[in-house]
Amino acid sequence: MLGEVQLQPRSLEVLSGDQARFSCSSATPWLVLTWSVNRRAVMTISAEHGILSNSDRFTAANFTTAASSVWELTLWNVTRDYTGDVTCDLQNIGRQTATLSVQVLGEVQLQPRSLEVLSGDQARFSCSSATPWLVLTWSVNRRAVMTISAEHGILSNSDRFTAANFTTAASSVWELTLWNVTRDYTGDVTCDLQNIGRQTATLSVQEGGTVGISGGNVTSRKGSRVLFRCQASDWFPEPQVTWALGGQEVNNTNSSSVNTLSGLFHSTTSLLVLAEESTWVECQASIPALPTPKTHSVFLTIIEDPGGEGQRVLVVALVSALAALLLVLLITAIVCWCRSRTNYGRYLC
C-alpha cells in the first residue's frame, strides 16, 4: 500500500569521496530488508537477526522506535559509479527508490545555478568542463532536450531549445537556450557529461500580470478619509503589492489573495488615506523575475469645505455686530448713570 515504505531523501547530490546516507522506514512489520545500488544488492537485514553483512563501503544502523522500524544505509567514500538509483525493498510490503548523484569537484560547472525569468522570455544556461568528454546531454525536468557529441557537435536543434559552442583552449563551454519559456519549464535544468558528472540548476518561470487602482483619480474634502483599492491579476508566484504616497512608501494596508485553478494569483490590496494634501497615490506589484515593479498611479485632489469659508465670515460678522451692540448698551448705561447723579438727570434717562 502507498506510504508503507518511506525512503529519505528522495534525491541526493554528494561529492566524490564523501558519504551518502539514506533512511528507510515502515510502520508495518517486515521480515527482510534489502538495500540496492543501481539494482545491485549491497546490504541485507533480517528483522529477526539484524544485519547479515557489513563492509567498508556499505554500513547500516538501526534507529527503530515504538511507532516505526527505521534503518539507515551509509555509502562510504562514494565514487561516480554510485550515481543512479538507491532502493529500499521490504519483502512482501513494497519498495521505494531514491536518486543519488556523485559529483567530481570542479569537473562540471553549470551557470547560473538558479534563474528566474518571465513567461515568454528566454533562459540561458552555460555548462563547462576542463576534462575531455564524449557526450553532453541537456535535460529539463529529467527529460532530455538536447544531445551534443564532442566529435560531431549538436545532434538535434528545435525551435524551443538551441545550443551554442563557446569553447576555449582551456575549457569546453556549451550554452543552452530555452526559447519562449512557459511555467511547465519550472524545475531542474541538468547538464550531464557522460563518464564525468552532472550539475543541476533551478529554473523558475514566472507570470507578470496586471495592476490597477479602481476608480481612477479622486477628489475629496480636506480632513476626510479616502479608501483606495488595487487589483493585481494573473500573477505567478503571488506578487508583493506595496503603496506609495507622493513617492514615499506606506505600510498601513490590508491584502488578500486568491490562487485560481490555472495557478495564477489575484490579489486585492486596500489603502485608507487621510486627505490632507493633494498627492499622487501609487500601487506597485512585483515578483523576483521582474527587473522593476509594475505600477499604476492616480491623483488625489484635496478641496476645502465649500461652506466653510462662508460660515466663518458669517460668524465673524455676528460676533462683530454683537460686540458693537454691547458696546452701545454699555455706553448708554454709563451715560444714564452719570446723569442720574445730577438734578435733572432723571428727566433725560
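The values are calculated or read from the model by the stated rules, or taken from the named source; none is laboratory data. Here the structure is a predicted model, which is why all the values come from computation and not from measurement. Neighbour counts are summed over all protein chains in view; Cβ atoms, including those assigned to glycine, are modelled from backbone coordinates with ideal geometry. Accessible surface areas use protein heavy atoms only, side chains included; no ligands, DNA or RNA. Shrake-Rupley method; radii C 1.70, N 1.55, O 1.52, S 1.80 Å.
Brief remarks follow.
- Any hit, the stretch 227-236, residues being in contact with a Gly (Cβ under 6 Å, 6 or more places away or on another chain), over 19 Å from residue 291 (Cα atoms) and surrounded by 14 or more Cβ atoms within 10 Å (Cβ to Cβ): yes
- Test set (1) over 30 Å from residue 169 (Cβ atoms); (2) within 29 Å of the chain's Cα centre (by Cα); (3) among the β-branched types (Val, Ile, Thr); (4) open to solvent by less than 20 Å² (accessible area, probe 1.4 Å) - residue 99 fails condition number: (4)
- Lone unmet requirement of (1) open to solvent by 50 Å² or more (accessible area, probe 1.4 Å); (2) outside any strand (DSSP E or B); (3) touching a residue at least 60 places away in the same chain (Cβ under 8 Å) for residue 290: (1)
- Members of the stretch 178-198 found to be over 30 Å from residue 260 (Cα atoms) and open to solvent by less than 30 Å² (accessible area, probe 1.4 Å), listed by number: 190, 191, 193, 196, 197
- For residue 199, the conditions (1) assigned to a strand (DSSP E or B); (2) out of contact with any Leu (no Cβ under 7 Å at 6 or more places or on another chain) are fulfilled apart from (2).
- Applying the condition of being in a loop (DSSP other than H, G, I, E, B) and within 15 Å of the chain's Cα centre (by Cα) to the stretch 249-267 and asking which residue is surrounded by the most Cβ atoms within 10 Å (Cβ to Cβ) yields 264.
- Cβ-Cβ under 9 Å pairs, at least 6 apart or on other chains, the stretch 35-59 side closer than 21 Å to residue 78 by Cα, far side hydrophobic (A, V, I, L, M, F, W, C) and open to solvent by 100 Å² or more (accessible area, probe 1.4 Å): 43/52; 44/52
So that you can scan it fast, the table gives a plain yes or no per residue for (1) over 30 Å from residue 236 (Cα atoms); (2) surrounded by fewer than 16 Cβ atoms within 10 Å (Cβ to Cβ):
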residue	(1), (2)
43	yes, no
46	yes, yes
57	yes, yes
60	yes, no
66	yes, yes
71	yes, no
81	yes, yes
119	no, no
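- No other residue among 211, 181, 173 is closer than 19 Å to residue 114 by Cβ and of a type outside the set (D, E, K, R) apart from 181.
- Selection count where residues are in a strand (DSSP E or B) and either touching a Pro at 6+ places or on another chain (Cβ under 8 Å) or β-branched (Val, Ile, Thr) (or both), scope the stretch 202-225: 9
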